[in-house]
Structure formats: structure tokens, C-alpha cells
Amino acid sequence: MTDDEQKESTFLVTHADDESAVVKDVHDGQVHTLASNPGVDVDDAIEGTVAPAPPLELSWQLVDIEERRPLLIEESEEPPTVQERELAADQPVGELTREPRAGIGEIHVVTVPEDGTTEAVADIVDDREGTLSRAARLGVNRVEIRSEPGVVSIRYLP
């Protein structure tokens, strides 16, 4: 196997059972079915390298794991922070603002119709793969969703 066949990236584990796993490259979206499960779980972020699995090279193997971290999405009962509410006040309904956090991570603030806040939060939670892919790209472990009528904040936290 040559280095050209290997792929080093950040992967999100989207499926795992005793015999195999499926990982998705969070940068380009490519999906890799692993020939065996090297001990990963669904919603793990893996910094590592995949390569074609011999002998047929029809599936992949995880040949190097530099870091493995479980990712979590949680809805908080806390309202958005003052900063998040101020960001929302300065943008029209339907807009998204991304702000870096001090240290690591980001805060995304979305303005929504007041009567659509619950549905917007549910959509974010339901888009588990997309939300956790962003978390993996950002190098964080946890996604916290805060809301109040008209404002949803998605906090990507270490």
C-alpha cells in the first residue's frame, strides 16, 4: 500500500457494530466502510488515517488513530447569552452569524420566527450527522443548543 492510497483526515463515526463501522470524512463528505471495527462508537470523532483493506481493497481500515473523542449534542435549559441575544438583534429572521469562541470552538446564532423556535431546535438535533460533523471539524467535544423565542444558539464547546 502506498501513501497515495491512504487518507489522513478527521472522521465522524456514523455507524458501528461489532463487525464493522462507517466513517465520514468531515472535510469532504467521503464515506468509508471499515472492514472491521477497531473499537469505535457512533458519534466518535477520529483524527486518523484510513487505507484500503487488503486483499481486494473494496473496504477500508483505520490504520492510525491520532485522537478519538466522543461527541455529544445537548439541549440546555439556559437561555442564549447576552452576547448571543445581541447578535440575533442585529440580524434579520432566517440569518446565521458565526462567532469564534475565546479558546476553541464557535457560536452560531440563528434568528427564527418566534413561533418556530421549537421546530428550529428540533431540526438542529435531528441533523445529528451535520451538527456533529461541524463539531468534529472545529475540534470540539460538545454541542450545546440554547434557545428562547426567536433566537437559537448552537455552541460548539471543548
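Throughout, read-outs are computed from the coordinates displayed, never taken from laboratory work. The structure displayed is predicted, hence computed values, not measured ones. Methodologically, a virtual Cβ is constructed for each residue, glycine included, from the backbone with ideal geometry; neighbour enumeration extends over all protein chains shown.
What is the mean projected area of the alpha carbon convex hull for the chain, to one decimal in square nanometres?
Values: hull surface 41.1 nm².
Projected over every direction and averaged, the Cα hull of the chain covers 10.3 nm².
Using Cα springs under 10 Å in a Gaussian network model of the chain, which residue among Val23, Val40, Val31 shows the largest mean-square fluctuation?
Of Val23, Val40, Val31, the Gaussian network model singles out Val31 as fluctuating most.
How much mean residue ellipticity at 222 nm does the chain get from its helices, if each DSSP H run of length 4 or more adds -39500 (n - 2.57) and you divide by all residues, to the nearest 500 deg cm²/dmol?
-5500 deg cm²/dmol
Count the DSSP beta bridges whose two residues both fall in region 7-70, then state the antiparallel fraction as a percent rounded to the nearest 5.
Numbers: 24 of 25 bridges.
Just about 95 percent of them are antiparallel.
Across region 17-28, in residue order, what do the Karplus-derived ³J(HN,Hα) couplings come to in whole Hz, using 6.51 cos²θ - 1.76 cosθ + 1.60 with θ = phi - 60° and x for Gly and Pro?
9, 5, 9, 7, 8, 10, 10, 10, 5, 6, 9, 10
So what is the relative contact order of the chain, in percent, for Cα pairs below 8 Å that sit 6 or more residues apart?
In percent, rounded to a whole number, it is 20.
Select from Thr131, Thr111, Thr81 the residue whose mean-square fluctuation is largest in a Gaussian network model of the chain (Cα-Cα springs shorter than 10 Å).
Maximum fluctuation in the GNM of the chain, among the listed residues, is at Thr81.
Considering amide H positions built from the backbone, and no H for Pro or chain starts, which residues 5 or more places from Glu95, or on another chain, come under 5 Å of its amide H?
Sorted by chain and number, the residues that satisfy this are Thr111.
Quick test of the membrane-span-like rule: which DSSP H helices of the chain reach at least 18 Å along their long axis (C-alpha atoms) with mean Kyte hydropathy at least -0.5?
none
Among Leu58, Leu12, Leu96, Leu71, which comes first, second and so on when ranked by fewest other beta-carbon atoms within 10 Å?
Ordered by Cβ neighbours within 10 Å, fewest first: Leu58, Leu96, Leu71, Leu12.
For Cα pairs less than 8 Å apart in space and 6+ apart in sequence, what is the mean separation divided by the residue count of region 7-70, i.e. the relative contact order in percent?
Value for region 7-70: 31 percent.
Just want to confirm a number: the relative contact order over region 72-157, from Cα pairs under 8 angstrom separated by 6+ residues, in percent.
It rounds to 40 percent for region 72-157.
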